[in-house]
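For reference, the structure discussed in these notes is given below.
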Amino acid sequence: MAKLAALQREIGRAVLDCPGLAFIPGYPQAVAMMPLPQLWSICFFVMLILLRLDSQFVAMEVVMTSFVDMFPKVLHRAGRREIFLLLYCLICFFSQLVMVTEGGMFVFQLLDYYACNGACILFLCVF
């Protein structure tokens with residue numbers, strides 16, 4: 001099996017299935033060896049933030065479009081879509097506050113393992 005030069009360990013052991021994949025020791029060491037490491041670090045973390053924002057906008061738009069298509073007479077009135085969007089954002093915000101507590105990583109791993117696995121996402125995409 002191939003080995004990572006910077007870590008001197010097998011790739012299978014260095015790359016774990018965890019939410020902190022971007023922060024394993026291989027990435028900071030690889031960025032530190034590049035020319036202008038501060039620039040590459042900034043680019044990497046800006047990319048992560050933009051990727052998450054884009055994913056959030058897509059998920060929000062899917063929910064909004066689905067509800068507008070289900071209830072067109074109610075949500076096509078002036079201001080109703082914006083009020084529903086505000087309520088949806090507040091519900092998402094308050095439901096995710098648990099993630100910043102001490103047990104947030106445990107809750108995240110439960111959701112990742114049971115709610116967001118490949119079969120569930122495939123099922124949702126098909127229907």
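Please treat every number below as a calculation from the coordinates, not as lab data. A quick note: this is a predicted structure, and the numbers were derived from the prediction, not measured. Heads up, the Cβs are rebuilt from the backbone with ideal geometry, glycines too, and the neighbour counts pull from every protein chain shown.
Structure notes:
- The range 76-86 - phi-based ³J(HN,Hα) in whole Hz, Karplus 6.51/-1.76/1.60, Gly and Pro as x: 8, 6, 4, x, 5, 5, 5, 5, 5, 5, 4
- Distance between the modelled labels on Leu48 and Val63, one decimal in nanometres: 2.4 nm (7 Å Cα→Cβ projection).
- Table column - 3J(HN,Hα) (Hz), the range 31-45, Karplus curve with 6.51, -1.76, 1.60, x for Gly and Pro: 5, 5, 7, 7, x, 6, x, 5, 5, 5, 5, 4, 4, 5, 6
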